1. Looking at region 230-257, which of its residues are part of a helix (DSSP H, G or I) and farther than 18 Å from residue 185 by Cα?
2. Among what's in region 377-397 and is surrounded by fewer than 21 Cβ atoms within 10 Å (Cβ to Cβ) and closer than 27 Å to residue 463 by Cα, pick the residue that is modelled with the lowest pLDDT.
3. Within region 267-279, take every residue that is more than 18 Å from the chain's Cα centre (by Cα) and not in a loop (DSSP other than H, G, I, E, B) and give me the one that is nearest to residue 224 (Cα to Cα).
4. If a residue must be buried (at least 23 other Cβ atoms within 10 Å of the Cβ) and under 20 Å from the mean Cα position of the chain (by Cα), how many such residues does region 402-434 contain?
5. Do the conditions hold for residue 58, that is, is it surrounded by 15 or more Cβ atoms within 10 Å (Cβ to Cβ), part of a helix (DSSP H, G or I) and at pLDDT 85 or above?
6. Being over 13 Å from residue 144 (Cα atoms) and part of a loop (DSSP other than H, G, I, E, B) is the filter here; which residues of region 335-363 pass it?
7. When you check residue 366 against the structure, is it in a helix (DSSP H, G or I) and free of Cβ contacts under 8 Å to residues at least 40 places away in the same chain, yes or no?
């Protein structure tokens, strides 16, 4: 396995074996397209490319995480072009990476990097979700099976990331992949705005009346990039844009700082054209949070200017649907959807108070409608992640999950103030700000559970745990990749 990793990953295929693999794959794909029908040729090509990728993923877990991140971003786009169960492929990919982790644990027989408060609460959350299988109030065991599957895979992916982030280089590779795909998603969304949607995207949009009503508002189509809705897209753009602007101040090469600024600006534009209110509120909240943590003169001046410009923008009269939508995010009393959410939360409170362990996983939302359609909870519009957790896992489950979020932010802030490497300090600030923004957005939306936010969230938690190990003063030892950021 190490021999393969050296020749295929470390050398980046720049070897005799790599050249041989490329020639064989190219010749085989050409042959397939020459003798097979188009659809079969595409499937066969996917297999020819996919098998080597899977082998590389299990040899190099960081590469596997990068493939998973790419799949998390692109799976929504692929779903518009095919009816195949491609979501299952992402689950299988995560299972494959977990298998790779278990294979390493059998050999190493230790996992000391998992001994930290975040891992403890993740294990507690996994255990609590497993215990939900015997919840007497649950209306369907199958709903639990389908719900716990996705929860368990994402939580176990966190442990895969802990093992994969063996060095500063490996951690930075994954962070760069997240930023890269976020930037690509921003550009694709702007392409939808200024160039137009593809015929397939328009057909997908018109295939569902409720979907069309959600996306066509104020006489215009809101952009959604690769994803299923503008809100998911906007929330991703919100916390990643703030992260990019935080990282602009890092000790990177000038061209990298320029690209981060361009990415951040593109994401802000994408938020405007996506037209969702939650991301608009997330941005100033994230900037304020990062400013309070950093507390240096330059950051305070820049943040003050941004907030003054934002306040002037909010008071500007306009006939633009895009600008009006942004301004409406700061007029909660005029937001009918917010008032409806508050009314629903008030109605569900007695149920939550009388069910400390909840009604069982999958009792609301899609799985509730599928497995317990006669239950009133199946049609309850919970909207908020916290409300859903309170209904499905009870107020005990909600408290446990909130404790996990609190510990994640506490650990991020703790190590932000203790690491001395300027690059790591800035990354800690970007990570903990992103976690804060996702936690905030989970009140009006199901922010953390939606792809690709769910993948990114647990990868960020793993980064919070591991980055401190690559700081000379904290770890007390030299790290091979200590000057990679220069």
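The values are calculated or read from the model by the stated rules, or taken from the named source; none is laboratory data. All figures in this text were calculated on a predicted structure; none of them were measured in a lab. Using ideal geometry, Cβ is built from the backbone for each residue, glycine included, and neighbour counts are taken over all protein chains shown.
1. Just the residues of region 230-257 that are part of a helix (DSSP H, G or I), to begin with: 230-247, 254-257.
Those that are part of a helix (DSSP H, G or I) and farther than 18 Å from residue 185 by Cα: 246, 247, 254, 255, 256, 257.
2. Only one residue fits best here, namely 384.
3. Ranking the qualifying residues of region 267-279, first place goes to 273.
4. Total satisfying the criteria: 10.
5. On the way: surrounded by 15 or more Cβ atoms within 10 Å (Cβ to Cβ): yes; part of a helix (DSSP H, G or I): yes; at pLDDT 85 or above: no.
So residue 58 fails the test.
6. If the condition is that a residue be over 13 Å from residue 144 (Cα atoms) and part of a loop (DSSP other than H, G, I, E, B), then 335, 355, 356, 357 are the ones that fit.
7. Judged against the criteria, residue 366 is a match.
Residue-wise test of (1) in a helix (DSSP H, G or I); (2) modelled with pLDDT of 95 or more; (3) under 15 Å from residue 236 (Cβ atoms).
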residue	(1), (2), (3)
433	yes, yes, yes
461	yes, yes, no
473	yes, no, no
486	no, no, no
